[in-house]
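Worksheet: one structure, shown below.
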Amino acid sequence: MPDFTYTARSLSGEIVSGSMTANTEKDVVNALSGKKLFPVKVESQVAAKSITFGGRVNDQKIAVFYEQLASLISNGVPMLKSLTILKEQTRIPAFQDALEDVIARIEDGETLSDSFARHPKIFSEMAVNMSRAGAEGGFLEDALTRVASFTEQQAELKSRTVGALIYPAVLASIGTLVVTILLVFFVPKFGELFDQLREKGQLPKITDWLLWFSGFLRSYGIFILLFLIAVVGLIRYQLSTESGRRFSDRLKIKIPLMGPIFLSLAVGRFCRVLGTLLKNGVPILKALEISRDASGNKVLSEAIAQASENISSGESLSVPLSKSGHFPRNVTEMISVAEESNTLDDVLISISEGLEKQTVRRLDLMVKLIEPLMLMVMAAIILVVVVALLLPIMKMGSVMQ
């Protein structure tokens, strides 16, 4: 029997908080009412713990969970028994707590989808709606299998994207560190050596500039670092706002080279989520509501929301998407043809697969271009430092001769 925490208000208006053991939230509400307390908030302690401290569980592990649950149910194992088996198998405390709460709620008569919805950081909205549609339509096992396949594919795409960008990021970090060490610790040692040339006005300009910049970093480096941290904090704050997020998402899909990659990723996610939901019987308006957030781009989300309003008025999906100017023309043309042939779900998934393959190819090409470019930039910077230090040394050598 689960424990619940509650916040209630007494007849005098006083706020009262506490905990109570009961079967369901309704029992807690009834018990509080019997004590002449008006419930303000009632929450399961297990659910609260899994949501607050658990965070998101690895997508690969979630995909395996959906696949195993579908397999157990299709082989005749009862739902509660299947969930109990999977709970005992997992070694992730947050996931165990969430599954324990799901089991308790199903025992109290709650549906699987509603129990999943209690843990939004673990079970996605798509999984909630597809499990609901599968339970109502009698194809729960197939719905869970599709969720598992979708989750695994998205995790793999995310992993490949991050993996492709790791090496350039590491290369840039190491290069910045090496140049900073050279300027802060190595270059200043030549300052006194070049003082005589500076007094005679024979110190090359590039060397003079290098020594000045090195001294500037040594004197004000900590302030520069604090300023950069403040700028990053300010940018993160702005990105957390509605206008900042919209500006960032619009910029991401417009910047040269990387813009088409970001756009393909967002459109691909939208198409795959929408196609998967439609294939599993979720109504199109509800499916659009879920998939627009799955795109991960505020600009596309607003265009999809506008398309939802048009569909409510009896129009097609392809027309408002095309008018938004953010969806590639070939995508909207394929959606238009699919709507006429009533194969929208299959075509959307096909579009997603094509965009994902295209994105992977573009990423691979981008990384191949970025790597030599970064090496050339690093080599050029180090060359400038070396030349700036060697020129006065060579001049001193010629004077001595």
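List of remarks:
- Of all residues in region 248-264 being outside any helix (DSSP H, G or I) and free of Cβ contacts under 8 Å to residues at least 12 places away in the same chain, the one that is farthest from Asp364 (Cα to Cα): Lys254
- Output for region 1-44, where each listed residue is modelled with pLDDT under 70, within 17 Å of Ile106 (Cα to Cα) and aliphatic (A, V, I, L, M): Met1
- Looking only at residues in region 59-70 that are surrounded by fewer than 19 Cβ atoms within 10 Å (Cβ to Cβ) and in contact (Cβ under 8 Å) with a residue 60 or more places away in the chain, the one that is farthest from the chain's Cα centre (by Cα) is Glu67.
- The one condition in (1) of a type in the set (A, V, I, L, M); (2) touching an Asp or Glu at 6+ places or on another chain (Cβ under 6 Å); (3) at pLDDT below 70 that Ala63 fails to fulfil: (3)
- Hits in region 64-85 (condition: assigned to a helix (DSSP H, G or I) and either hydrophobic (A, V, I, L, M, F, W, C) or not assigned by TED's automatic domain parsing to the domain that holds Ala127 (or both)): Val64, Phe65, Leu69, Ala70, Leu72, Ile73, Met79, Leu80, Leu83, Ile85
- Hey, Val267 assigned to a helix (DSSP H, G or I), surrounded by 12 or more Cβ atoms within 10 Å (Cβ to Cβ) and either modelled with pLDDT of 85 or more or not β-branched (Val, Ile, Thr) (or both) or not: yes
- Residue in region 236-247 that is surrounded by 14 or more Cβ atoms within 10 Å (Cβ to Cβ) and in contact (Cβ under 8 Å) with a residue 40 or more places away in the chain present: yes
- Considering residues of region 102-147 that are more than 26 Å from the chain's Cα centre (by Cα) and acidic (Asp, Glu) only, the residue nearest to Ile284 (Cα to Cα): Glu136
- Options Thr207, Thr241, Thr276: the member that is farther than 30 Å from Gly354 by Cβ, out of contact with any Gly (no Cβ under 9 Å at 6 or more places or on another chain) and at pLDDT below 85: Thr241
- Residue within region 354-375 that is of a type in the set (Lys, Arg), in a helix (DSSP H, G or I) and either in contact (Cβ under 8 Å) with a residue 40 or more places away in the chain or not assigned by TED's automatic domain parsing to the domain that holds Gly281 (or both) present: yes
- The helices (runs of 4 or more DSSP H) falling completely within region 86-202 that include 2 or more residues that are at pLDDT below 85 and in the same structural domain as Ile370 (by TED's automatic domain parsing) map to 140-181, 195-199.
- Within region 330-345, residues that are in the same structural domain as Ser318 (by TED's automatic domain parsing) sit with their Cβ atoms under 9 Å from residues that are surrounded by 18 or more Cβ atoms within 10 Å (Cβ to Cβ) and among the basic types (Lys, Arg), at 6+ positions apart or across chains, in these pairs: Asp345/Lys279.
- Some residue of region 107-129 being closer than 30 Å to Asp27 by Cα and among the aromatic types (Phe, Trp, Tyr): yes
- Residue match in region 276-288 (condition: under 29 Å from Asp364 (Cβ atoms) and not assigned by TED's automatic domain parsing to the domain that holds Phe139): yes
- Residue within region 381-392 that is touching a Lys or Arg at 6+ places or on another chain (Cβ under 7 Å) and either assigned to a helix (DSSP H, G or I) or under 30 Å from Phe213 (Cα atoms) (or both) present: no
- Any chance Thr241 is closer than 30 Å to Val162 by Cα and touching a Lys or Arg at 6+ places or on another chain (Cβ under 7 Å): no
- Test: residue in region 312-325 that is assigned to a loop (DSSP other than H, G, I, E, B), free of Cβ contacts under 8 Å to residues at least 12 places away in the same chain and at positive phi: yes
- Reported count of residues in region 274-295, each being within 20 Å of Leu157 (Cβ to Cβ) and either free of Cβ contacts under 8 Å to residues at least 40 places away in the same chain or in contact with a Phe, Trp or Tyr (Cβ under 9 Å, 6 or more places away or on another chain) (or both), is 5.
- Qualifying residue in region 286-299 (condition: part of a helix (DSSP H, G or I) and in contact with a His (Cβ under 8 Å, 6 or more places away or on another chain)): yes
- Restricting attention to region 203-244 and to residues that are in a helix (DSSP H, G or I) and among the polar types (S, T, N, Q), the residue that is farthest from Val187 (Cα to Cα) turns out to be Ser243.
The values are calculated or read from the model by the stated rules, or taken from the named source; none is laboratory data. No experiment lies behind these values; they were computed from the predicted model shown. Backbone-built Cβ (ideal geometry, glycine too); neighbour counts: all protein chains shown.
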